[in-house]
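Peer 1: Let me begin by handing over the structure; questions about it come next.
Where a number appears in this text, it was derived from the coordinates with a stated rule and is not lab data. In this text, all values refer to a predicted model and were calculated from it rather than measured experimentally. So basically every Cβ, Gly included, is an ideal-geometry build from the backbone, and we count neighbours across all protein chains shown.
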Amino acid sequence: MATTVSVLTPARVRAAAPSPVIALGVFAAVRGSGVLVLSAASWWAGRSPVRVLGGSWDSVWYLWIAGHGYGRIQMWPASGSVQSDVAFFPLYPLLVRAASQALPGGLAVAGLAVAWAAAALAAVGVYRVGEHLLGARAGVLLVALWAALPHAVVLTLAYTEALLAALAAWTLYALLRGRWLWAAGLAVAAGLTRPTGIAVAAAVSVAAAHELLARGGGVRGRGVRGRGVRGRGVRSSGARSSGVRGRVRGGRAAEVWAAGLLAPAGWAAYVLAVGVRGRNPLGGYFTVQRRWGSRFDFGAGALGSAAKVLTGGHVALATTVTVAVLAVAGLLAVLLALDRTPLPLLAYTGVLLLITFGGAGFFESKPRFLLPAFPLLLPVAAVMARARPRTAVVVTGVLAGLSHGYGAYLLLVARVAL
């Protein structure tokens, strides 16, 4: 009696599972293996993996807010800095507090659960944006590249980058599909997540302004044809092939107006609330940031740090990698701008880059600030989608391995704030 043996091939996997599931599986494989590497390294160093993942650097502040509310102030007489917890936006701590009521293990476990769930949602959202612009294969590769970034370990920590990335990705996807009110609601939530959540609001407001100006204050038909990322010959089932332009589809004028005006509401509400609390409604939050050592200096501090690295003044690995990441980000931003990228993605990425490059203080944290800027990887994903599948797998595997090792270094060896 003959027996038929079914061989599991990439083609069979693609046929059996929807592409978003494959993208999520790729993300889980890359970041899950990173968690295993970090856990093993933590045990070897005599530290608890849960404490490393859930209680490193800013995680301590978020978990304190989740458990006790706002009101913590830490003073450093040597440097003169006064660190207040109102510098941290409230959405993530609120979610952690809610999760802690339903999950065992305390706030650290709840913080990780929220961050990991947000990272999964972000991975699917990143895939959807990549698929919409470049096709399914490039969408999966976009997720893989994003999961293998040098600082991608942060996506598995009790931090807010995963939550912001999730809200940003789905906001951008909503805009690409012409879902204005969905985009506005997600942008409001993003504005309550991190200071850089204003970039998500900017994407919505800029897209709405462009839509209204292009139609003379009204929205008619299917909307304004936007700029689109060229697929560079990428094809997949149901994908947009090379040369097809993406578009921000229009809706009713009232929805566009509402989206553009409401999108910054979450960010503005928290900034004003902190300002009112400090009796300086417009400048109070920025005073809090300055006391932390963060301010906007138009990139002077970043250029100074980069110059020290390039002239041999800095030898710390984390500082050197930061300079390299910022340089690559700048190059990718140029490629993105030249590649007919849809306006909402350009606005979102541009504001993130402006805040990251122009801000002073915590130089080694800048690559973390850019983690939600996944559109920067679109040109790379488009090129990789043209390569042989084996080449794409090897490149992803090498990048993931480097990311895992560097993540363990950042959390267990480096003495710089992440």
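Peer 1: Quick check on packing: order 53-60, 32-39, 388-395 by the mean number of other C-beta atoms within 10 Å, highest mean leading.
Peer 2: For the peptides 53-60, 32-39, 388-395, the packing ranking is 53-60, 32-39, 388-395.
Peer 1: Something else now. Note the full-extension length gain between residue 287 and residue 29 as 0.36 nm times their separation in residues minus their Cα-Cα distance, in nm to one decimal.
Peer 2: 88.7 nm
Peer 1: While we're looking at this one, here's another question. Collect residues whose amide H, placed 1.01 Å from N in the peptide plane, falls under 5 Å from the amide H of residue 72; neighbours closer than 5 in sequence don't count.
Peer 2: Long-range HN contacts for residue 72: 85.
Peer 1: Could you go through segment 109-124 in sequence order and give the Karplus-derived ³J(HN,Hα) for each residue, using 6.51 cos²θ - 1.76 cosθ + 1.60 with θ = phi - 60°, rounded to whole Hz, and x for Gly and Pro?
Peer 2: 5, 5, x, 5, 4, 5, 5, 5, 5, 5, 5, 5, 4, 5, 4, 5
Peer 1: Then there is this: Please list 3J(HN,Hα) in residue order for segment 262-277, calculated via the Karplus relation 6.51 cos²θ - 1.76 cosθ + 1.60 where θ = phi - 60°; whole Hz, with x for glycine and proline.
Peer 2: Karplus values, whole Hz, x for Gly and Pro: 7, 3, x, 4, x, 4, 5, 5, 6, 4, 5, 5, 5, x, 4, 4.
Peer 1: Under 5 Å between amide H atoms, partner at least 5 residues away or on a different chain: which partners does residue 296 have, H built in plane at 1.01 Å?
Peer 2: Result for residue 296 returns 360.
Peer 1: Quick one: Karplus J couplings for segment 149-165, per residue in order, coefficients 6.51, -1.76, 1.60, θ = phi - 60°, nearest Hz, x for Gly and Pro?
Peer 2: Values, residue by residue: 5, x, 9, 5, 4, 4, 5, 10, 9, 7, 10, 9, 4, 5, 5, 5, 4 Hz.
Peer 1: Starting from the amide H of residue 81, placed 1.01 Å from N in the peptide plane, find each other amide H under 5 Å away whose residue is 5 or more places distant or on another chain.
Peer 2: 76
Peer 1: For segment 262-314, what does the alpha-carbon gyration tensor say about shape, rounded, prolate or oblate, given a ≥ b ≥ c as the root eigenvalues, a/c under 1.5 as rounded, and a/b over b/c as prolate?
Peer 2: Prolate shape, in that a/c is at least 1.5 and a/b is the bigger ratio.
Peer 1: Using the 10 angstrom Cβ neighbour count as an exposure proxy, how do 127, 173, 70 rank, fewest first?
Peer 2: If I rank by nearby Cβ atoms, fewest first, I get 70, 173, 127.
Peer 1: While we're here: Counting only helical runs of four or more DSSP H residues, what would the 222 nm mean residue ellipticity of the chain come to if each run contributes -39,500 (n - 2.57) and the total is spread over all its residues?
Peer 2: -20500 deg cm²/dmol
Peer 1: Could you tell me the ratio Rg/Rh of the chain? Both radii from Cα atoms, Rh via Kirkwood.
Peer 2: Result for the chain is an Rg/Rh of 0.97.
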